[in-house]
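The values are calculated or read from the model by the stated rules, or taken from the named source; none is laboratory data. Small disclaimer: the values here were computed from a predicted structure and weren't measured. Please note: Cβ atoms are built from the backbone with ideal geometry, for glycine as well, and neighbour counts cover all protein chains shown. Remember, those area values only see protein heavy atoms, side chains included, never the ligands or the DNA or RNA. Shrake-Rupley method; radii C 1.70, N 1.55, O 1.52, S 1.80 Å.
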Amino acid sequence: MENRIDLALKEAKGIQLMTHVVAGYPSLNVNADLIRLMARRGVRLVEIQIPFTDPLADGPTIMRANQAALDAGITPAHCFELCAALSRELDVAFMLMTYANIPYALGMEAFLDKAAASGASGTILPDLPWDEADGDYAQAARQRGLHPIMVISPDTPAPRLAGILERASGLLYTTLKVGITGAGTSMDQAGVDYVKALKAKAGLPIAAGFGISRPEHVRMLDGLADVAVIGSHIINLMDADGLGAVDDFLAACQE
Amino acid sequence: MSTISDMLPRHFGPYGGRYVPEMLVPALEELEQGYLKYKDDPEFTAELADLYQNYCGRPTPLYFAENLTRELGGCKIYLKLEGLAHTGAHKINNALGQALLAKRLGKTKVIAETGAGQHGLASATVAARFGLECKVFMGEVDVRRQYPNVYAMKLLGAEVVPVTDGTRTLKDAVNATLKYWIQNLKDTHYILGSALGPFPYPVMVRDFQSVIGREARAQIMEREGRLPSHLVACVGGGSNSIGLFHPFLGEKGIRFHGAEAGGRGPEIGDNAARFGGSPKVGIVQGYKSYFLQDESGQLQDTHSVSAGLDYAGVGPELAWLFDQNVVEFSPITDVKALDAFKRLTRLEGIIPALESSHAVARAIELAPTLPRDEIMIVNISGRGDKDIFITAMELDRENWIAFLENEVRHGK
Ligand SMILES: Cc1ncc(COP(=O)(O)O)c(C=O)c1O
């Protein structure tokens, strides 16, 4: 199976950026402008988060964005629509990211059907582990042309990593520290060594994230990981200084 | 996979499990293995038994409520007085067990979530006793309505962290504690306060709380020479109820009753009755169970006069017992709970916690319908001192406000 994620990575020169938006924050229209701006800056991998009341792996910035989007009445249906409209318009691989209860409430098959129909290229469900009865959805996702993207951490024990590698495709998403999302950490040598070893073992492109907030972080990962994930920092920039600040940051990351 | 997980139940029917981000898994595996190693270790169990007796005042009494029984005119009612345990509620049973385990796992810090503040108080207490650093996460709404416990926690040396996310109640405190834990796994143990969350918490908390049911069973056999036919407990997350019920499960002829928060009524957001209306299964906060949620899977707001029952989920073992028609759940409104609170106080000289008052209210509904020779045990999970700011405002408003104003004037 090959979809836009594979194409984006195949055609990449150097490290790719993967950005994160919370659907409906601050509004669906601003989401669309933001994603267009990202695409103009060469971003071809974008996570669209379907907001949830209890986002267990997210730090304060993304959590507040989730809550604000929900307060504004955003439902999963809006998120699928956003994804559908932009995947028709842009050559971007969208990954729908959310928490287990959203696909569970809809029914996993129905969720995957909708994700595929909205043009998404992958799903990210960080609190749905593959070793729970209803967490082993990788095959069902691939049958619909979606990569099941798994999130691991530097402390993931070897037997679990093996179970994950049997199922993951498209990308393997790893955190650079043990922690929740949120801007403000730096990369150390241990992180560098970890990504190197993981890449050798995984046989999959590696996306590294959590804490990337400076262009230097991206450059540090260049040659190590295939993808640098930027989440909270984009929301912080946008909240403080608007879309222009995001544009400047993405430009600086690609210098 | 881990052979060890075969030895502790990870699931109860389809419920429970370990639905967490991958980075929490190593800590939960460590806890699982630690619990398995120590739960039947003679030194560990002896130390816990000693603390239960000499620190907590266990066994707590099983008291025959003669006046209540007479007034209701039905079955014989016994009260298990968990409110007489140290710190005033059953929460200490679990907090002590987990603190002993945390020590053995080499942890120097503990964290806890709290709703009513009882679990936070119990955690702060055991932290003080064992020289552990302690942070308690508490929804801002609960900080406001349970200040006496906040004060006590601080007095005990714990840091109380107000949680300002989401509904600013118990579920948000759980999220905040889990997130803090993810960032501080190495030296920190999370003392989860109810029989819920990711495996192994539901089984571990249930085991520590089962001391309630084991004692009640021995006490009723001694007093009556037979088992009760009805057990009644309030159900927040489910720890005092499963603790009472578990040692009796499988016995024929016993009915198990869970009293949920009926709040202001059946409207969405007005209660925390997960089994009222049409119960809906979900996967939230690390486990699969019934949750109050909308059709998209977003958790709904809850309300209860008692902070300890004000929670959108329920422990997975109770979910499974519900499916099997073993435990029957009923919503008890705020009004009924307050009424039961007054009645027990006047009739027996026992001031129950508002949470426990829900169980009393359910007993008041049931008892008159039951034959006189039947026996009912009601768990009084806590005492009512902590609720003085709520009950006094509801039941003695003018005098209470005058008192508060006077205190403030003098304080300044
Ligand atoms: C006195 C008391 N009873 C009951 C509860 C409800 O919790 P659970 O259902 O876990 O026993 C609480 C929770 O804070 C409590 O403080």
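Here, P(r) means the percent of Cα pairs in each 10 Å bin from 0 to the largest distance; for the protein assembly as shown it is 3, 16, 25, 24, 16, 10, 5, 1, 0.
Of the trypsin sites (Lys or Arg not before Pro) in region B:307-411, the ones in a loop by DSSP (not H, G, I, E or B) with at most 13 other beta carbons within 10 Å are B:ARG372.
GNM remark for chain B: springs join alpha carbons under 10 Å apart, and the peak mean-square fluctuation among B:ASP323, B:ASP334, B:ASP172 falls on B:ASP323.
Using every pair of distinct Cα positions in region B:1-119, the Kirkwood expression returns a hydrodynamic radius of 17.4 angstrom.
Which pairs, out of A:LYS201/B:LYS288; B:LYS342/B:LYS386; B:LYS80/B:LYS336; B:LYS252/B:LYS288, put more than 25 Å between their alpha-carbon atoms?
A:LYS201/B:LYS288; B:LYS252/B:LYS288
Placing +1 on the Cβ of every Lys and Arg and -1 on the Cβ of every Asp and Glu, with no other charges, gives region A:48-108 a dipole of roughly 40 debye about its Cα centre. A simple count of charges around B:PRO279, restricted to other residues whose Cβ falls under 12 Å of its Cβ and scoring Lys, Arg +1 and Asp, Glu -1, yields 0. Accessible surface buried by the B/A pair amounts to about 3100 Å², both sides summed, 1.4 Å probe.
Would you work out the charge dipole size for the protein assembly as shown about its Cα centre, treating the Cβ of every Lys and Arg as +1 and the Cβ of every Asp and Glu as -1, and quote it to the nearest 20 debye? Intermediate results must be reported in sequence, preceding the final value.
Details: 64 positive and 80 negative charges, 158 e Å.
For this selection, approximately 760 debye.
Take the Cα radius of gyration of region A:32-190 and divide it by 2.2 N^0.38 Å, N being the number of residues; the result is 1.03.
Of the beta bridges DSSP finds with both residues in chain B, what % are antiparallel, to the nearest 5?
Working: 15 of 50 bridges.
Antiparallel bridges make up about 30 percent of those DSSP assigns within chain B.
Under unit Cβ charges (Lys, Arg +1; Asp, Glu -1), what dipole magnitude, rounded to 20 debye, does chain A have relative to its Cα centre? If you can, show how the numbers build up before the last one.
Details: 20 positive and 30 negative charges, 109 e Å.
Using Cβ point charges on Lys, Arg, Asp and Glu, chain A gives about 520 debye.
DSSP bridge analysis restricted to the protein assembly as shown gives an antiparallel fraction near 20%, rounded to the nearest 5. The mean of 1/r over all pairs of different alpha-carbon atoms in region B:226-309, once inverted, gives a Kirkwood hydrodynamic radius of 14.1 Å.
Placing one equal scatterer on every Cα of region B:155-236 and applying the Debye formula, the log10 ratio I(q)/I(0) at q = 0.22, 0.23 Å⁻¹ is -1.15, -1.21. For B:GLY263, which sequence-distant residues (separation of 5 or more, or a different chain) have an amide H within less than 5 Å of its own amide H, given hydrogens modelled in the peptide plane? Those lying under 5 Å, H to H, from B:GLY263 are B:ALA272, B:VAL305, B:ILE332, B:ASP334. Each principal axis of region B:263-368 carries a Cα extent, and these read 46, 27, 22 Å when sorted largest first.
Taking amide H as placed 1.01 Å from N in the peptide plane, the amide H of B:VAL110 sits under 5 Å from that of B:GLU133, B:CYS134, B:LYS135, B:HIS189, each at least 5 places away or on another chain. Taking the protein heavy atoms of region A:9-79 in the context of the full set of protein chains, the accessible area attributed to carbon and sulfur is 51 percent at 1.4 Å. As a size descriptor, the averaged projected area of the C-alpha convex hull of chain B was calculated at 19.9 nm². Counting only heavy atoms of the protein chains and using a 1.4 Å probe, B:SER330 has close to 20 Å² of accessible surface. Legend: calculated FRET efficiency, B:LYS280 to B:HIS410, from the Cβ-Cβ distance at R0 = 60 Å, rounded to 0.05, equals 0.75.
If you take the beta carbon distance between A:ALA240 and A:ALA84 as r and set R0 to 30 Å, what does 1/(1 + (r/R0)^6) give as a FRET efficiency, to the nearest 0.05? So the FRET efficiency works out to roughly 0.50.
Comparing the full protein assembly with the isolated chain (1.4 Å probe, heavy atoms, ligands and nucleic acids excluded), the residues of region B:120-169 losing at least 40 square angstrom of accessible area are B:ASP165.
Need the full-extension length gain, A:LEU165 to A:GLU2, defined as separation in residues times 0.36 nm minus the C-alpha distance. One decimal, nm.
Separation in residues times 0.36 nm, less the Cα-Cα distance, equals 56.9 nm.
With unit charges on the beta carbons (Lys and Arg positive, Asp and Glu negative) and the dipole taken about the Cα centre of the protein assembly as shown, which residue among A:PHE111, A:LEU17, B:LEU318 sits farthest to the positive side? After comparing all options, I get B:LEU318. The apolar share of the surface of chain B, taken as the fraction of accessible area on carbon and sulfur atoms (1.4 Å probe, ligands and nucleic acids excluded), comes to 51 percent.
Once the piece of chain linking A:ALA133 and A:VAL30 is laid out straight, how much longer is it, given 0.36 nm per residue of separation minus the C-alpha distance between them? The partial results should precede the final answer.
Working: separation 103, 0.36 × 103 = 37.08 nm, distance 3.79 nm.
Contour length minus Cα-Cα distance gives 33.3 nm.
Sort B:TYR290, B:TYR180 by heavy-atom solvent-accessible area, probe 1.4 angstrom, most to least.
Accessible-area ranking of B:TYR290, B:TYR180, largest first: B:TYR180, B:TYR290.
Where does the charge balance sit around B:GLU251 when Lys and Arg score +1, Asp and Glu -1, over other residues with C-beta under 12 Å from its C-beta? Taking every Cβ under 12 Å from that of B:GLU251, the sum is +4. When region B:301-386 is described by a simple charge dipole with +1 on each Lys and Arg Cβ and -1 on each Asp and Glu Cβ, the residue from B:THR345, B:MET376, B:THR333 located farthest towards its positive end is B:THR345. Counting only protein heavy atoms and a 1.4 Å probe, the protein assembly as shown has 36 square angstrom of accessible area per residue. Listed by chain and number, the aspartates and glutamates whose alpha-carbon sits under 20 Å from that of B:LYS39, ignoring those within fewer than 8 places in the same chain, are B:ASP6, B:GLU29, B:GLU30, B:GLU47, B:ASP50, B:ASP207, B:GLU215, B:GLU317.
Across the protein chains, with a 1.4 Å probe defining accessible surface, the residues B:TYR151, A:TYR99 rank B:TYR151, A:TYR99 from largest area downward. With the solvent-accessible surface defined on protein heavy atoms using a 1.4 Å probe, which residues belonging to region B:261-286 display a reduction of at least 40 Å² in accessible area in the multichain context relative to the isolated chain? By number: B:ILE283.
In region A:26-62, burial by the other protein chains removes 40 Å² or more of 1.4 Å probe accessible surface, compared with the chain on its own, from A:THR53, A:ASP54, A:LEU56.
Of the DSSP beta bridges with both residues in region B:225-365, give the percent that are antiparallel, rounding to the nearest 5. All intermediate terms of the calculation are to be shown ahead of the outcome.
Working: 7 of 19 bridges.
Roughly 35 percent of the beta bridges in region B:225-365 run antiparallel, per DSSP.
Projecting the Cα atoms of A:ILE152, A:PRO76, A:ALA240 onto the charge dipole of chain A (Cβ charges, centred on the Cα centre) puts A:ILE152 farthest toward the positive pole.
When Lys and Arg each count +1 and Asp and Glu each count -1, what net charge do the other residues less than 13 Å away from B:GLY349, Cβ to Cβ, add up to? Write out the running numbers ahead of the final one.
Numbers: positive: B:LYS342, B:ARG343, B:ARG346, B:ARG383; negative: B:GLU66, B:GLU348.
Within the 13 Å Cβ shell, the charges total +2.
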